[in-house]
Amino acid sequence: MLTCSDLTFAYNNQKKFSFPSFSCAEGDTLLILGNSGSGKTTLLHLLALLLQPSGGSIQINKQEFANLSPKEAAKMRATHLGIIYQKSHFVSSLSVLDNLLLANYLADKAQSKEQAEKLARSLGFYELLDKPTSLLSGGEQQRVSIARALMNNPEVILADEPTSNLDDENCEKVINLLENQSKNIGASLVIVTHDQRLKDKFSNKIILS
Ligand SMILES: Nc1ncnc2c1ncn2[C@@H]1O[C@H](COP(=O)(O)OP(=O)(O)OP(=O)(O)O)[C@@H](O)[C@H]1O
């Protein structure tokens, strides 16, 4: 269970944010909606422990994640969170398989080729495992990014605009994959989006203004 209460953040004196409190249970999905500039990416970066809040609390299964040192935050991010960024940020000199195994390595976990192959099968890119990531299409990169976020069976998955560049058919496919995979491992899925196609699909949502 992810619970955030009274989170505040300021880039400077002019740009201050007070976010609504919310929670997202295991296997559930939370949408963070809002217009451009409303603070969606800022909130996602707070949840990803890339920014530090000026106040409030971020808890995963009652453990506090706000106000960690940068070193602790990096460790917690690698072990408890799976992040799907808008851009994939793969290591282009490595194969798809090695990019997946890197997620294990960065979390100090044993590298599980078995887990990578299982995810590749269920996300439909098994035949790409030995390819360099530089040869992947946009849709393939997205599926590999989802698999990479799942490699360590995280408690929370954060997805930044996962459908923004997709047509209706692929939007539906990617959301279903994300939802099913998160449910499979009992993770809380948080999706930041301004994609209006998603807004009626989930009941748990917050709208930033
Ligand atoms: N490093 C920064 N320093 C100062 N202001 C910033 C910084 N980063 C973002 N902002 C401002 O904070 C506000 C929220 O930005 P944020 O990127 O969180 O919005 P968003 O809702 O994700 O927008 P979009 O949908 O366009 O990506 C914007 O007005 C932005 O200009």
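Assorted remarks:
- Flag for V174 being of a type in the set (V, I, T), modelled with pLDDT of 90 or more and surrounded by 14 or more Cβ atoms within 10 Å (Cβ to Cβ): no
- The residues of the stretch 146-157 that are crowded, with 23+ Cβ neighbours inside 10 Å and in contact with a His (Cβ under 9 Å, 6 or more places away or on another chain), listed by number, are P154, V156.
- Among the candidates N176, N165, N170, residue that is within 16 Å of the ligand (Cβ to nearest atom), of a type outside the set (F, W, Y) and over 25 Å from C4 (Cβ atoms): N165
Okay, residues lined up against (1) surrounded by 13 or more Cβ atoms within 10 Å (Cβ to Cβ); (2) in contact (Cβ under 8 Å) with a residue 60 or more places away in the chain; (3) in contact with a helix residue (DSSP H, G or I) (Cβ under 8 Å, 6 or more places away or on another chain); (4) hydrophobic (A, V, I, L, M, F, W, C):
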| residue | (1), (2), (3), (4) |
| --- | --- |
| F22 | yes, yes, no, yes |
| E26 | yes, yes, no, no |
| G37 | no, no, no, no |
| L49 | yes, no, yes, yes |
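- Of residues in the stretch 187-203 being away from the ligand (no atom under 16 Å from the Cβ) and at pLDDT below 95, the one farthest from L150 (Cα to Cα): D200
- Enumeration of residues in the stretch 164-180 that are touching a residue at least 40 places away in the same chain (Cβ under 8 Å) and not in a helix (DSSP H, G or I): S164
- Within the stretch 136-163, residues that are more than 16 Å from L106 (Cβ to Cβ) and in contact (Cβ under 8 Å) with a residue 12 or more places away in the chain have Cβ atoms under 6 Å from residues that are of a type in the set (S, T, Y) and within 16 Å of the ligand (Cβ to nearest atom) in these pairs: D160/Y85; E161/T193, counting only partners at least 6 apart in sequence or on another chain.
- Considering the stretch 1-110, the qualifying helices (runs of 4 or more DSSP H), each wholly inside and each with 2 or more residues that are among the β-branched types (V, I, T) and within 16 Å of the ligand (Cβ to nearest atom), run over 40-47.
The values are calculated or read from the model by the stated rules, or taken from the named source; none is laboratory data. Source: prediction; values computed, not measured. With ideal geometry, Cβ positions are generated from the backbone for all residues, glycine too; neighbour counts draw on all protein chains shown.
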